[in-house]
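First comes the structure, then the notes that go with it.
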Amino acid sequence: MLNFLNSAVLIAAVAALIPLLIHLFSKRRVKVVPFSSLRHLKEMQKRQVRRIKIRQLLLLILRMLIILAAVLAFARPATKGGYIGTHAGVSSIILLDRSASMQREVKDGRLFDLAKNKAADIIKYFGQNDEILLVPFDRQAYFPAGERFFSRDVAENILRDASCGYDTTNLGDAIKKASEILGQAKNLNRELYILTDNQLNSLPPMPETTLSKFTVYMAELPLEIDGNNGIVDVNLGGQLIEVGSEFTVNGQIENFDDLAKDEQLASLFIDGVRVVQTEFRVQPRGKETVQFRHTVTTPGYHYGWVELNDDGLPVDNKYYFSFKIPEKFNVLIIDGDGSGELIRLVLIPSEELARYWSVRVITPEQFASVQLTDYDATIIAGVASLAAAESSQLQRFLNRGRGVLYIFGANTNPEYFNSNFGQKIGLNIIKSAPVNFSRAGYYTLERFNYNHPILKPFESYLQSGSPTLRFYSLPTLKNEPQNAELAQFSNGSPAIIESRYGLGKMIIFAGNISPEYSDITGHSFIVPFIIRTIEYLANNIASYEVKNQVGSSISRSIVSGETKSEIAQMITPENKTYIIPGIEKEEHILYECQPIDYPGIYQLKNETKTLDIFPVNITAEEGNLEIASTINFAKSIGAKAINTLPYNRSSESTISSTRFGRELWKLFLWAAAVIMAIEMIFSREKEPLLN
């Protein structure tokens, strides 16, 4: 049975009727007039006329066959078998996995290099007239020469330049794209080659397309899966890291195979220097946490990583992190009832502490003349209300990622707080604290959330029978579930609440700290608590604990006043520099950082000033090297069957045995030429003359 690989040309077959139409319309109609003297010639003409008609009919048929044969040749007729004709053409796509797991080291070398060698072996069996497209892929498919077929030479050039990356893989999307392109191919043989490490967790949950119309090949690779540990996370625990104070770094290690790992080493690096090393053991398919303690002696930006000893997959043996210690905290206190002065004394009880804190106390009336962008955190202490312009300025301060400590006082206006902040954050004052009360009864602080960075250092202190903190009058509040309660009063009312406001944070202390309303200022707890709270609000810890991954889209926000220009330079771990334009949004500049191709520490700089540093790591799933069976692999990608190309042998016999078909276009082209020659011979013969 014939298949036409270029069937659209068949419509041109109607051109074979052109000679017939010319013949029909060119016949002359003559009027017969009997002429008595010529009647004796009629008998002599009969045989000659019959010969002329037969000759004209043959020429007509030959000319129609010439056109028909030429059209069929251009339509590329082909059969699925047989011995006549040339071998059917091939359109093939080679998918080459370049994800991070292909970086693993096996006995014969790096797996990705072995996959490239196998791809080169496959390409050898393509003719110069065959179509081939080599597509490296990880999270996305790459088309260095465009999404169309090319010759073998182009495929070899792409293969030579292909390199292994650090991103995760997306096999499903790569196969879907390859299927779409192969579906448009014109050759009889349409082939899909897959070179991957066949990770079980990389398989698509269900096939998005069917590969039943294509011949699918999978190249065997030496997949060694034992021997891999990976560091899958580093957690700083939301700590407030301070100069000279010890902090902890927790690294989570996962064993991805069925062998226990003993006498393994993990190291902590800070600012490029190994500072601590520890030994660990991890069970088969188990997890283990290693903990390090260290101090830093200077403020500013710091970075580090936890590193494991070498194994089969080096790329998941490091996990990067970063943090920042402000050189000095600039704090603004808006004092409405005198409690602000108490807080100033808490922050700067001596000139020695003035090196770390710059504190300014103002009244609500002075707020209009303040440039709020000069401060890292703001404290509102016992303020009844603020003017609309000042309230808007404070809201913008929060929206750009800064922090506010709001301490309720006796004269705090519920209507003002609710309309300007409470409705936004989900915390409303139902009733103000009574101003007439007896000091005979009191409320205490309890139910502390010791997991929060502010309260974590005070766990042993508050649980060891520390002095009772008394509050004699409290407001009635309604708190929504999205807010975190750091502590409650003894009556169950929220005492310390953390809320998100735009990009910023608000800590609300619901108890009045004035001496007539509470005795908290008489306890030593107030000093470290206030310091800890302001450090937490002034230091944007959350931005340094975001888990950035290779290949992801990363946005970094810089306060407008910290840079003179909206243009920044991004320096990558491999010391490449990219110009990143900033987008101004309200009072901060947003940088969309691209490309993120390597794990490590990235820096944003403006001239010589460091604006930001941030870590990038590979996804934890890349460390799981468990492989899928061939049956499961075929099912997940929508293939009826998979032809396996052996790793240590030539692929020629497997490929040649699965290719089929013969193309007949040359035969039809030769037939058209032969018929044309016959037609020329017939047309050159002179027609006999009637005598």
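Quick look at the values:
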{"quantity": "Residues that are touching a Gly at 6+ places or on another chain (Cβ under 9 Å) and surrounded by 19 or more Cβ atoms within 10 Å (Cβ to Cβ), drawn from segment 326-336", "calculated": "Ile333, Ile334, Asp335, Gly336"}
{"quantity": "Inter-residue pairs, beta-carbon under 6 Å, first in the same structural domain as Asp121 (by TED's automatic domain parsing) and closer than 16 Å to Asp138 by Cβ and in segment 148-168, second of a type in the set (Lys, Arg) and not in a helix (DSSP H, G or I), 6+ apart", "calculated": "Cys164/Arg98; Gly165/Arg98; Asp167/Arg139; Thr168/Arg139"}
{"quantity": "Positions within segment 236-268 being free of Cβ contacts under 8 Å to residues at least 40 places away in the same chain and surrounded by 17 or more Cβ atoms within 10 Å (Cβ to Cβ), in sequence order", "calculated": "Gln252, Asn255, Lys261, Leu268"}
{"quantity": "Which listed residue is at pLDDT 90 or above, out of contact with any Phe, Trp or Tyr (no Cβ under 6 Å at 6 or more places or on another chain) and crowded, with 20+ Cβ neighbours inside 10 Å, from Glu480, Glu535, Glu498, Glu485", "calculated": "Glu498"}
{"quantity": "Set Ala185, Ala141, Ala145: member being surrounded by fewer than 16 Cβ atoms within 10 Å (Cβ to Cβ) and aliphatic (A, V, I, L, M)", "calculated": "Ala145"}
{"quantity": "Residue ID - modelled with the lowest pLDDT, chosen from residues in segment 538-558 that are among the aliphatic types (A, V, I, L, M) and more than 17 Å from Cys593 (Cβ to Cβ)", "calculated": "Ala542"}
{"quantity": "Odd one out for Leu240, checked against (1) aliphatic (A, V, I, L, M); (2) closer than 28 Å to Lys456 by Cα; (3) modelled with pLDDT of 95 or more", "calculated": "(3)"}
{"quantity": "Any strands (runs of 3 or more DSSP E) falling wholly within segment 207-283 and containing at least 2 residues that are of a type in the set (Gly, Ala, Ser)", "calculated": "261-270"}
{"quantity": "Residues being under 19 Å from the mean Cα position of the chain (by Cα) and either on the phi > 0 side of the Ramachandran plot or assigned to a helix (DSSP H, G or I) (or both) - total across segment 126-180", "calculated": "7"}
{"quantity": "Residues satisfying the stated conditions in segment 609-647, i.e. among the polar types (S, T, N, Q), surrounded by fewer than 19 Cβ atoms within 10 Å (Cβ to Cβ), touching a residue at least 24 places away in the same chain (Cβ under 8 Å) and not in a strand (DSSP E or B)", "calculated": "Thr630, Asn632"}
{"quantity": "Filter result for Leu347 (under 21 Å from Pro414 (Cβ atoms), of a type in the set (A, V, I, L, M) and in contact with a Leu (Cβ under 8 Å, 6 or more places away or on another chain))", "calculated": "no"}
{"quantity": "Elements of type strands (runs of 3 or more DSSP E) in segment 357-444, at least 1 residues being farther than 29 Å from Gln488 by Cα", "calculated": "357-362"}
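The values are calculated or read from the model by the stated rules, or taken from the named source; none is laboratory data. Predicted model only: the values in this text are computed from it and were never measured. Note: ideal-geometry Cβ built from the backbone for every residue, glycine included; neighbour counts use all protein chains shown.
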